[in-house]
């Protein structure tokens, strides 16, 4: 079982492939680093002076890595996801298409949102215990398709208290064009999680266009936007801890490094057992694949109550405790 690395490059560099390894050369500093391509999960390119060959894209795609290109304020602006090489790569999209706008899709969406709100409750327990209990109650009453908009109700309660606890100048979620450091950090953390989730879905041979809750025709990552929901709390918790303990006034390289480290060091509880980030994503994706075959199956998601019976197995990815940083 290989080690999965998340690599972020913030300096001028040249990337190439050398006998199956990614070669990173910092010419100005006279440094060279090597890492096996098969061990790379996500590569973040965060400097406009990074150059790389087509062979880099080809080798990383062959090994299932996602490449994120970051722009202003380190925010990812493009994502390259490999096509899944999977024996079920034709059957699973067909199964997904059959379930579009069905009761099964509504059930899946409700489970994803319940997991998300329970994650928010877990984070809120650190700064607002009463709010945490209210969120748990909301999570229990999310219906298929969330016709009562319970998720939105939870967000209206959660975010003002979250930002208030950090003395942030803005007390609402600013998804695009954020100027305050907390929202910028949240957006960055979500972008990284989205890439990790997209990698797991594509590797399982699933079509990312076919979502269960997100169904925009112009969004090629609807399914990734569905399955990031149960994992968002990891970014929330990491951002909360960083800004509570260190009180940074801007989102800089140091905050970014701390956030990446915290995300990969995170643990997730699924069906009563504790897993690391890559393992948790793998289990969630595998449970969805099984639910496509049998709609009676429940998804295995973070923080949801453990269901009776043996949990389905999944191929596990072992994640490093800290990302491989090249600052």
Quiz item: Quick one: Cα centre-to-centre distance for region 199-261 and region 1-30, in angstrom?
Solution: 23 Å
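Work out, step by step, the length gained on full extension between residue 27 and residue 253: first 0.36 nm times the residue separation, then minus their alpha carbon distance; give nm to one decimal.
On the way: separation 226, 0.36 × 226 = 81.36 nm, distance 2.04 nm.
Taking residue 27 through residue 253 to full extension adds about 79.3 nm, to one decimal.
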Quiz prompt | Label-point separation in nm, residue 156 to residue 217, each point 7 Å along Cα→Cβ | solution = 3.1 nm
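222 nm [θ] for the chain, helices only, -39500 (n - 2.57) per DSSP H run of 4+, per residue, to 500?
-14000 deg cm²/dmol
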Quiz item: By per-residue mean of other Cβ atoms within 10 Å, what is the highest-first order of 191-202, 132-143, 233-244, 52-63?
Solution: 191-202, 233-244, 132-143, 52-63
Quiz item: Can you give the Rg and Dmax of region 77-174 based on its C-alpha atoms, in angstrom?
Solution: 17.7, 51
Quiz item: When a footprinting reagent is the concern and you count Cβ atoms within 10 Å, what order do 109, 159 take, fewest first?
Solution: 159, 109
Self-check item: the chain: antiparallel DSSP beta bridges as a percent of all, rounded to 5
Solution: 55 percent
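For Cα pairs less than 8 Å apart in space and 6+ apart in sequence, what is the mean separation divided by the residue count of the chain, i.e. the relative contact order in percent?
Values: 600 pairs, mean separation 63.6, N = 327.
Over the chain, the number comes to 19 percent.
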Exercise. Could you list the square roots of 5 times each eigenvalue of the Cα gyration tensor of the chain, that is, the equivalent ellipsoid semi-axes, sorted largest first and rounded to whole Å?
Key: 31, 26, 17
Quiz item: Which value, in Å³ per residue, describes the convex hull spanned by the Cα atoms of region 7-80?
Solution: 77 Å³
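Largest first and in whole Å, what are the equivalent-ellipsoid semi-axes of region 1-151 based on the Cα gyration tensor, each being the root of 5 times an eigenvalue?
Working: eigenvalues 314, 108, 34 Å².
Ellipsoid half-lengths, sorted descending, are 40, 23, 13 Å.
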Quiz item: Which peptide among 161-167, 64-70 comes first, and what is the full order, when sorted by highest mean count of other Cβ atoms within 10 Å?
Solution: 64-70, 161-167
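Coordinate-derived values only; no laboratory data. This is a predicted model, so every value here is computed, not measured. Methodologically, a virtual Cβ is constructed for each residue, glycine included, from the backbone with ideal geometry; neighbour enumeration extends over all protein chains shown.
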